[in-house]
1. Going through region 1-99, which trypsin sites (Lys or Arg not before Pro) have at most 14 other Cβ atoms within 10 Å and a DSSP loop state?
2. In whole Hz, with x marking every Gly and Pro, tabulate ³J(HN,Hα) for region 29-42 from phi via Karplus 6.51 cos²θ - 1.76 cosθ + 1.60, θ = phi - 60°.
3. Connecting C-alpha atoms closer than 10 Å in a GNM of the chain, tell me which of Ile173, Ile36, Ile81 has the biggest fluctuation.
4. Just tell me which aspartates and glutamates come within less than 16 Å, Cα to Cα, of Lys53; anything on the same chain fewer than 8 places away is out.
5. Can you list residues from other chains, or at least 5 along the same chain, whose modelled amide H is less than 5 Å from the amide H of Ser37?
6. Using the Karplus curve 6.51 cos²θ - 1.76 cosθ + 1.60 with θ = phi - 60°, what ³J(HN,Hα) values do you get for each residue of region 171-181, in whole Hz, with x for Gly and Pro?
7. Quantify, in whole percent, the carbon and sulfur part of the accessible surface of the chain (1.4 Å probe; protein heavy atoms only).
8. Using amide H atoms built 1.01 Å from N in the peptide plane, name the residues 5+ places from Ile209, or on other chains, whose amide H lies under 5 Å from its own.
Amino acid sequence: FKLIEWTLDQDRLYENPIMSEVGQKAIKELTQKYEISVPSLTGDCFMQAPFYKVDGSKSESLLLDLRNIIISCGKLGVKYIVFPLVDNGRLETQKQEMMLKDGLALVDDLLFQRGIKIVFESDFPPNRLKDFISGFSFKNYGINYDIGNSAALGYNSKDEISAYGDRIINVHIKDRILNGTTVPLGKGNANIPKVLKELSEINYDGNYILQTARAVNENHADVLCQYRDQVINWME
(Lines give C-alpha, C1' and ligand atoms only; values in the text may rest on other atoms or scores of the structure.)
Protein backbone atom coordinates (compact mmCIF):
# COMPACT_ATOMS: atom_id res chain seq x y z
CA PHE A 1 0.00 0.00 0.00
CA LYS A 2 1.42 3.35 -1.08
CA LEU A 3 -1.39 5.62 0.05
CA ILE A 4 -4.20 5.91 2.56
CA GLU A 5 -7.27 8.10 2.89
CA TRP A 6 -7.59 9.84 6.26
CA THR A 7 -10.94 9.94 8.09
CA LEU A 8 -12.08 12.89 10.17
CA ASP A 9 -15.02 12.74 12.60
CA GLN A 10 -16.85 15.65 14.23
CA ASP A 11 -16.50 14.10 17.68
CA ARG A 12 -13.23 15.40 19.22
CA LEU A 13 -12.45 17.02 15.87
CA TYR A 14 -9.51 19.06 17.08
CA GLU A 15 -7.97 16.07 18.87
CA ASN A 16 -7.49 14.34 15.52
CA PRO A 17 -3.74 14.37 14.68
CA ILE A 18 -4.34 16.03 11.33
CA MET A 19 -5.71 19.13 13.10
CA SER A 20 -2.69 19.95 15.29
CA GLU A 21 0.92 20.91 14.64
CA VAL A 22 2.17 18.05 16.81
CA GLY A 23 -0.06 15.56 14.97
CA GLN A 24 0.92 16.91 11.56
CA LYS A 25 4.60 16.55 12.44
CA ALA A 26 4.04 12.92 13.45
CA ILE A 27 2.08 12.22 10.25
CA LYS A 28 4.89 13.68 8.13
CA GLU A 29 7.50 11.59 9.92
CA LEU A 30 5.49 8.38 9.58
CA THR A 31 4.58 8.91 5.93
CA GLN A 32 8.24 9.51 5.10
CA LYS A 33 9.43 6.54 7.16
CA TYR A 34 6.99 4.11 5.55
CA GLU A 35 6.91 5.75 2.10
CA ILE A 36 3.16 6.26 2.12
CA SER A 37 1.14 9.30 1.07
CA VAL A 38 -2.14 10.78 2.31
CA PRO A 39 -3.66 12.32 -0.83
CA SER A 40 -7.26 12.41 0.41
CA LEU A 41 -9.41 12.83 3.49
CA THR A 42 -12.98 11.64 4.09
CA GLY A 43 -14.81 14.35 6.00
CA ASP A 44 -17.36 12.29 7.90
CA CYS A 45 -17.58 15.38 10.13
CA PHE A 46 -19.47 17.21 7.37
CA MET A 47 -22.04 14.41 7.28
CA GLN A 48 -22.30 14.21 11.06
CA ALA A 49 -22.71 17.99 11.52
CA PRO A 50 -23.76 19.62 8.23
CA PHE A 51 -23.36 23.40 8.29
CA TYR A 52 -26.14 23.70 5.71
CA LYS A 53 -28.76 22.21 8.06
CA VAL A 54 -28.30 24.71 10.91
CA ASP A 55 -28.53 28.49 11.16
CA GLY A 56 -26.71 31.41 12.72
CA SER A 57 -23.74 30.89 15.02
CA LYS A 58 -23.90 27.08 14.71
CA SER A 59 -23.46 27.30 10.95
CA GLU A 60 -20.66 29.87 11.31
CA SER A 61 -18.83 27.62 13.79
CA LEU A 62 -19.02 24.62 11.43
CA LEU A 63 -17.83 26.75 8.51
CA LEU A 64 -14.86 27.80 10.62
CA ASP A 65 -14.15 24.10 11.17
CA LEU A 66 -14.20 23.63 7.39
CA ARG A 67 -11.66 26.44 6.91
CA ASN A 68 -9.39 24.93 9.55
CA ILE A 69 -9.67 21.50 7.95
CA ILE A 70 -8.68 22.92 4.55
CA ILE A 71 -5.70 24.71 6.10
CA SER A 72 -4.59 21.52 7.89
CA CYS A 73 -4.93 19.48 4.70
CA GLY A 74 -2.87 22.06 2.83
CA LYS A 75 -0.02 21.68 5.34
CA LEU A 76 0.10 17.92 4.74
CA GLY A 77 -0.35 17.95 0.98
CA VAL A 78 -3.84 16.41 1.06
CA LYS A 79 -5.34 17.17 -2.36
CA TYR A 80 -8.92 15.90 -2.03
CA ILE A 81 -11.50 16.34 0.72
CA VAL A 82 -14.35 13.86 0.32
CA PHE A 83 -17.59 15.59 1.28
CA PRO A 84 -20.37 13.04 1.96
CA LEU A 85 -23.84 14.21 0.96
CA VAL A 86 -25.35 10.95 2.25
CA ASP A 87 -27.15 9.72 5.38
CA ASN A 88 -27.37 12.66 7.82
CA GLY A 89 -25.58 14.85 5.28
CA ARG A 90 -27.93 14.20 2.38
CA LEU A 91 -29.54 17.19 0.70
CA GLU A 92 -33.28 17.12 1.38
CA THR A 93 -34.46 20.60 0.35
CA GLN A 94 -33.58 23.38 -2.09
CA LYS A 95 -32.79 25.60 0.89
CA GLN A 96 -30.16 23.14 2.12
CA GLU A 97 -28.62 23.00 -1.34
CA MET A 98 -28.44 26.79 -1.51
CA MET A 99 -26.92 26.99 1.98
CA LEU A 100 -24.34 24.40 0.96
CA LYS A 101 -23.39 26.41 -2.14
CA ASP A 102 -23.30 29.70 -0.25
CA GLY A 103 -21.13 28.21 2.50
CA LEU A 104 -18.66 26.61 0.11
CA ALA A 105 -18.40 29.84 -1.87
CA LEU A 106 -16.78 31.34 1.23
CA VAL A 107 -13.86 28.87 0.99
CA ASP A 108 -13.43 28.85 -2.81
CA ASP A 109 -10.37 31.11 -2.71
CA LEU A 110 -8.82 29.12 0.13
CA LEU A 111 -9.29 25.84 -1.75
CA PHE A 112 -7.61 27.30 -4.82
CA GLN A 113 -4.73 28.78 -2.82
CA ARG A 114 -4.05 25.45 -1.10
CA GLY A 115 -4.46 23.35 -4.25
CA ILE A 116 -7.29 21.30 -2.73
CA LYS A 117 -10.51 20.02 -4.28
CA ILE A 118 -13.73 19.09 -2.53
CA VAL A 119 -15.12 15.85 -3.98
CA PHE A 120 -18.79 15.18 -3.28
CA GLU A 121 -20.11 11.73 -2.49
CA SER A 122 -23.84 11.75 -3.16
CA ASP A 123 -26.87 9.46 -3.25
CA PHE A 124 -28.41 11.42 -6.15
CA PRO A 125 -29.45 9.50 -9.29
CA PRO A 126 -27.10 9.97 -12.28
CA ASN A 127 -28.75 12.91 -14.04
CA ARG A 128 -29.57 14.69 -10.78
CA LEU A 129 -25.93 14.44 -9.71
CA LYS A 130 -24.83 15.64 -13.16
CA ASP A 131 -27.02 18.74 -12.76
CA PHE A 132 -25.80 19.30 -9.21
CA ILE A 133 -22.06 19.11 -9.97
CA SER A 134 -22.48 21.35 -13.04
CA GLY A 135 -23.09 24.20 -10.59
CA PHE A 136 -19.55 23.85 -9.18
CA SER A 137 -16.28 24.77 -10.88
CA PHE A 138 -13.89 22.16 -12.26
CA LYS A 139 -10.96 23.87 -10.51
CA ASN A 140 -12.27 23.31 -6.97
CA TYR A 141 -14.84 20.51 -7.10
CA GLY A 142 -15.39 16.98 -8.34
CA ILE A 143 -17.08 13.70 -7.48
CA ASN A 144 -16.07 10.77 -5.31
CA TYR A 145 -17.60 7.67 -6.88
CA ASP A 146 -18.46 4.97 -4.32
CA ILE A 147 -19.01 1.68 -6.15
CA GLY A 148 -20.75 -0.05 -3.24
CA ASN A 149 -23.10 2.80 -2.39
CA SER A 150 -24.25 3.03 -5.99
CA ALA A 151 -24.89 -0.73 -6.07
CA ALA A 152 -26.89 -0.53 -2.83
CA LEU A 153 -29.05 2.19 -4.39
CA GLY A 154 -29.62 0.09 -7.51
CA TYR A 155 -28.00 2.59 -9.88
CA ASN A 156 -26.53 1.51 -13.23
CA SER A 157 -22.81 2.25 -13.28
CA LYS A 158 -22.79 2.83 -17.04
CA ASP A 159 -25.49 5.49 -16.68
CA GLU A 160 -23.60 7.13 -13.82
CA ILE A 161 -20.21 7.20 -15.51
CA SER A 162 -21.62 8.43 -18.82
CA ALA A 163 -23.50 11.20 -16.97
CA TYR A 164 -20.67 12.64 -14.86
CA GLY A 165 -17.56 10.54 -15.47
CA ASP A 166 -15.52 13.62 -16.39
CA ARG A 167 -16.01 14.91 -12.82
CA ILE A 168 -14.92 11.73 -11.00
CA ILE A 169 -11.55 12.30 -9.31
CA ASN A 170 -11.60 9.75 -6.48
CA VAL A 171 -13.09 6.25 -6.24
CA HIS A 172 -14.09 4.17 -3.21
CA ILE A 173 -14.06 0.44 -3.85
CA LYS A 174 -16.76 -1.20 -1.76
CA ASP A 175 -19.39 -3.91 -2.15
CA ARG A 176 -22.89 -3.68 -0.72
CA ILE A 177 -26.13 -5.61 -0.92
CA LEU A 178 -29.04 -3.91 -2.69
CA ASN A 179 -30.69 -1.69 -0.06
CA GLY A 180 -28.34 -3.26 2.47
CA THR A 181 -25.02 -3.20 4.22
CA THR A 182 -21.34 -3.47 3.24
CA VAL A 183 -20.11 -7.01 2.54
CA PRO A 184 -16.76 -8.54 1.42
CA LEU A 185 -15.79 -7.73 -2.18
CA GLY A 186 -17.59 -10.01 -4.63
CA LYS A 187 -20.35 -10.93 -2.16
CA GLY A 188 -22.75 -8.08 -2.86
CA ASN A 189 -24.56 -6.43 -5.77
CA ALA A 190 -21.62 -4.38 -7.06
CA ASN A 191 -20.17 -5.62 -10.34
CA ILE A 192 -16.73 -4.27 -9.54
CA PRO A 193 -14.85 -5.70 -12.57
CA LYS A 194 -17.45 -4.10 -14.86
CA VAL A 195 -17.18 -0.73 -13.10
CA LEU A 196 -13.37 -0.78 -13.21
CA LYS A 197 -13.55 -1.47 -16.94
CA GLU A 198 -15.99 1.40 -17.48
CA LEU A 199 -13.75 3.76 -15.52
CA SER A 200 -10.76 2.61 -17.58
CA GLU A 201 -12.70 3.33 -20.77
CA ILE A 202 -13.07 7.00 -19.80
CA ASN A 203 -9.34 7.09 -18.92
CA TYR A 204 -9.90 7.57 -15.20
CA ASP A 205 -6.43 7.81 -13.68
CA GLY A 206 -7.18 8.82 -10.09
CA ASN A 207 -6.82 6.84 -6.88
CA TYR A 208 -8.76 3.78 -5.81
CA ILE A 209 -9.48 3.61 -2.07
CA LEU A 210 -10.46 0.34 -0.39
CA GLN A 211 -13.45 1.30 1.77
CA THR A 212 -14.26 -2.34 2.35
CA ALA A 213 -15.93 -4.59 4.91
CA ARG A 214 -13.80 -4.97 8.01
CA ALA A 215 -12.30 -8.29 9.11
CA VAL A 216 -14.52 -10.23 11.51
CA ASN A 217 -11.47 -11.48 13.44
CA GLU A 218 -9.76 -8.05 13.72
CA ASN A 219 -7.01 -9.18 11.32
CA HIS A 220 -7.55 -6.18 9.08
CA ALA A 221 -4.14 -6.22 7.38
CA ASP A 222 -4.61 -9.70 5.90
CA VAL A 223 -8.10 -8.88 4.66
CA LEU A 224 -6.93 -5.63 3.07
CA CYS A 225 -4.11 -7.45 1.28
CA GLN A 226 -6.64 -9.96 0.00
CA TYR A 227 -8.91 -7.18 -1.25
CA ARG A 228 -5.96 -5.35 -2.84
CA ASP A 229 -4.89 -8.45 -4.77
CA GLN A 230 -8.48 -9.13 -5.77
CA VAL A 231 -8.87 -5.62 -7.22
CA ILE A 232 -5.53 -5.80 -9.03
CA ASN A 233 -6.61 -9.09 -10.64
CA TRP A 234 -9.86 -7.49 -11.77
CA MET A 235 -7.98 -4.54 -13.21
CA GLU A 236 -5.59 -6.78 -15.14
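1. On the way: sites: Lys2, Arg12, Lys25, Lys28, Lys33, Lys53, Lys58, Arg67, Lys75, Lys79, Arg90, Lys95; in loops: Lys2, Arg12, Lys79, Arg90.
Here the trypsin sites (Lys or Arg not before Pro) that fit, given the DSSP loop and packing criteria, are Lys2, Arg12.
2. Whole-Hz 3J(HN,Hα) from phi for region 29-42: 5, 6, 5, 5, 4, 9, 6, 10, 10, 10, x, 8, 9, 8.
3. Ile36
4. Reachable aspartates and glutamates: Asp44, Asp65, Asp87, Glu92, Glu97, Asp102.
5. Hits under the 5 Å cutoff: Leu3, Ile4.
6. 10, 9, 8, 8, 10, 9, 7, 3, 6, x, 8
7. Working: 6130 of 12350 Å².
After summing per-atom areas, the C and S share lands at 50 percent.
8. Correct list: Val171, His172, Ile173.
The values are calculated or read from the model by the stated rules, or taken from the named source; none is laboratory data. Quick caveat, the model's predicted, so the values are computed rather than measured. Reconstructed Cβ throughout: ideal geometry from the backbone, glycine too, with neighbour counts over all protein chains shown. Ligands, DNA and RNA are stripped out before the accessible areas are found, and what is left, the full protein with its side chains, is counted by its heavy atoms. Shrake-Rupley method; radii C 1.70, N 1.55, O 1.52, S 1.80 Å.
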